[in-house]
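K.L.:
Here you go, one structure.
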Amino acid sequence: MNPEFVRNAWIESRFHRFALATAAVGLIALVGAATSDSALGPLGQAGAFVFLVFMGSHAAALSIIGEVRNRTWDQQRLSALDPWSMVWGKLLGATLLAWFGGLLCVAILLIDMATSEGWSDVPRTLAKYVCLGVMAQGTAMLAALVTIDRFESVGRLQTFRAQLAGIGAGFAVAAAWPENDAGGPFVASWWGRAIDAESFALASLAVFTGWVLVGCHRLMRRELAVVNGPYVLMGFLAFLAAYVAGLDGLLEDWSDDGIHGADMRLLIMLSTLVAATLVLVVAERKDPVLYRTMFLNLRRVRFWPRVLREAQGWMLAWLGAALVVALILLHALLPEEMRDALGLGGSLPTFDKDVSLVVLALSALGFLTRDCALFVLCNGRRPSPRADSALIVALVLGYVATTWLLVLNDVEWLMPVFVPVPRVEFAYGIAAAWIEAAVAMWLARRRLA
């Protein structure tokens, strides 16, 4: 048996704690049965959410951060356990009490569902709550692993952030879960295919839960000094872009603007990868020594594969965004007859219409490059989470407050200097964005020198 699981389960196995959890679940069942028959299911749902998401996220985050606080993490890193054993041992052992109470509440919910609606939806509901628990707790562990890599000392604020990440993932799943109140067929549309909405939501939850576990495994490998390759993260970024672009509901708001579905899917892919790049550049530790080494290796072609292996996640996401921009440009240059032959529809709205996806894509990539260079610049001498926080505030003010002031004062011609604007008459914004990016990269390179 996994020794890490046994150790954490032994720490969690206290009779009084399990007795209190059983009493709390029994009280939930008694209140639900005494109130009304329809109250038992919602109380079971609420209890399962509290145990699996709130308590589970707390325990999963502390399974990593608690080791750092108690100064036992270095001993574990030197042990003979492999990364998967470490992940599963902490993820299941440290959250044993949360799973005990959560599954009891799920049992109450399933019994109520079976007696009122039949057994047909019981397996799906059970799978939903199991995936929900693993998703929330895995996200909290993932955030904790990121935290101990970025911060030299971990305090209560960093612990709370890791727990909040797991709780936020649980609420995101609950908010996105489809509810069919009208009855009848309830379908979701993905890449033009009609799929049962609940089946699609459950499959999506299971797949993203798997990716969270893969992320925990890769970060645990890094903590145990095992080298990670770039291909798993590249696969996740490709999956994420394709998944979000396939959601046909995102295309409905653009159907009356003369923008074809294929064009919008490319734009959604670009937006997804831009967001992923910004999240990763904030989450990852900026290592000046690694950047200097990569700059030196870029000078020789035979060292380029090494640069790819050493590339951080935000660099790979930036490359994905640049690839999508290249696809948008290629699509714009294709003759209309070739687009029709490939099934891509009518002409792309470029410089012959009011809205220009080409201007938007090139400007967005320029501003993204500038922002990444600024994060490297702020951490060029010594990585500092405080510098990242200050830069985030400055960028938000630059994108939101400055744009609002320009619109308010009727000087919209200056907007392309601060934000990407998809208008033909603002095509000079491409040059502005890339000039800013070039200056930021030059300053970052000098700081690293």
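K.L.:
When only Cα pairs under 8 Å and 6 or more residues apart are kept, what is the percent relative contact order across the chain?
P.N.:
Relative contact order comes out at 13 percent.
K.L.:
Determine Rg/Rh for the stretch 146-212; Rg is computed over alpha-carbon atoms and Rh is the Kirkwood hydrodynamic estimate from the same atoms.
P.N.:
Here the Rg-to-Rh quotient is 1.19.
K.L.:
Could you give the distance between the Cα centres of the stretch 7-23 and the stretch 392-441, to the whole Å?
P.N.:
Here the two parts' Cα centres lie 56 Å apart.
K.L.:
Still on this structure, please answer the following. Could you tell me how many cubic angstrom of Cα convex hull volume the stretch 79-213 has per residue?
P.N.:
Spelled out: Cα convex hull of the stretch 79-213, divided by residues, is 149 Å³.
K.L.:
How would you order 284-294, 98-108 from highest to lowest mean count of nearby Cβ atoms within 10 Å?
P.N.:
Those peptides, ordered most packed to least, come out 98-108, 284-294.
K.L.:
Same structure, new question: How many percent of Cα pairs in the stretch 57-115 exceed 16 Å?
P.N.:
Cα-Cα pairs in the stretch 57-115 separated by more than 16 Å: 56 percent.
K.L.:
If the viscosity is 0.692 mPa s and the temperature 37 °C, what Stokes-Einstein diffusion coefficient in µm²/s follows for the stretch 263-318 when Rh is the Kirkwood radius over Cα pairs?
P.N.:
In µm²/s, the coefficient is 261.
K.L.:
How far apart, in nanometres, would the label points at Asp287 and Trp413 be if each is projected 7 angstrom from Cα along the Cα-to-Cβ direction?
P.N.:
Placing both labels 7 Å along Cα→Cβ, they lie 4.9 nm apart.
K.L.:
For Val301 paired with Phe15, estimate the spin-label separation in nm (one decimal), with each label point 7 Å from Cα along the Cα-to-Cβ line.
P.N.:
A separation of 7.4 nm, rounded to one decimal place.
K.L.:
Pick from Val31, Val214, Val376 the residue whose mean-square fluctuation is largest in a GNM of the chain, springs joining Cα atoms under 10 Å.
P.N.:
Result: Val31 has the largest fluctuation of those listed.
K.L.:
Largest first, how would Phe375, Phe418, Phe171 line up by accessible area (1.4 Å probe)?
P.N.:
Reading off the accessible areas and sorting them downward yields Phe171, Phe418, Phe375.
K.L.:
Now for a different question. Can you give me the C-alpha center-to-center distance between the stretch 153-169 and the stretch 31-85, rounded to a whole angstrom?
P.N.:
Each part reduced to its Cα centre gives a spacing of 13 Å.
K.L.:
Let me spell out the model: positive unit charges on the Cβ of Lys and Arg, negative unit charges on the Cβ of Asp and Glu, origin at the Cα centre of the chain. What dipole size does that give, in debye rounded to 20?
P.N.:
Result for the chain is approximately 2860 debye, rounded to the nearest 20.
K.L.:
A further question follows. Considering every pair of different Cα atoms, what Kirkwood radius, in Å, is found for the stretch 1-93?
P.N.:
Result for the stretch 1-93, one decimal place: 15.3 Å.
K.L.:
Could you work out the pair-distance distribution P(r) of the chain from its alpha-carbon pairs, with 20 angstrom bin width and percents rounded to whole numbers?
P.N.:
The percentages, shortest bin first, are 20, 49, 28, 3.
K.L.:
What residue among Ile268, Ile28, Ile64 shows peak mean-square fluctuation when the chain is described by a Gaussian network model with Cα springs under 10 Å?
P.N.:
Ile28
K.L.:
In bins 5 Å wide, starting from 0, what share of all Cα pairs of the stretch 352-413 does each bin hold, as a percent?
P.N.:
4, 15, 17, 19, 19, 13, 8, 4, 2, 1
K.L.:
Give me Rg over Rh for the stretch 381-449, both radii from the alpha carbons and Rh done the Kirkwood way, two decimal places.
P.N.:
Dividing the radius of gyration by the Kirkwood radius yields 1.06.
K.L.:
Here is a further query. Ignoring ligands, DNA and RNA, what percent of the 1.4 Å accessible area of the chain is carbon and sulfur?
P.N.:
Of all accessible area on the chain, carbon and sulfur atoms account for 67 percent.
K.L.:
Of the listed peptides 230-237, 273-280, what is their order by residue-averaged count of other C-beta atoms within 10 Å, with the highest listed first?
P.N.:
273-280, 230-237
K.L.:
What do you get for Rg/Rh over the stretch 117-185 if you use C-alpha atoms and the Kirkwood form of Rh?
P.N.:
That ratio equals 1.19.
K.L.:
Pick out the long, greasy-scoring helices in the chain: whole DSSP H runs spanning 18 Å or more along their own axis by Cα, mean Kyte-Doolittle at least 0.0.
P.N.:
Length and hydropathy pass: 15-35, 56-69, 96-117, 122-150, 156-176, 197-223, 231-245, 261-283, 313-333, 357-378, 428-448.
K.L.:
Follow-up. Under a point spin-label approximation (7 Å from Cα along Cα-to-Cβ), what is the Val226-Leu27 distance to one decimal in nm?
P.N.:
The modelled label-to-label distance comes out at 4.3 nm.
K.L.:
Towards the positive end of the charge dipole of the chain, with charges on Cβ (+1 Lys, Arg; -1 Asp, Glu), say which of Gly133, Ile108, Val146 has the farthest Cα.
P.N.:
Val146
K.L.:
A follow-up question, please. How much net charge surrounds Met86 when only the other residues with a Cβ under 13 Å from the Cβ of Met86 are counted, with Lys and Arg +1 and Asp and Glu -1?
P.N.:
In short, +2.
The values are calculated or read from the model by the stated rules, or taken from the named source; none is laboratory data. Treat the numbers as computed from the prediction; the structure is a model and nothing was measured. Counting neighbours? That spans all protein chains shown, and the Cβs are built from the backbone with ideal geometry, glycine included. Keep in mind that these areas ignore ligands, DNA and RNA; they rest on the heavy atoms of the full protein, side chains included. Shrake-Rupley method; radii C 1.70, N 1.55, O 1.52, S 1.80 Å.
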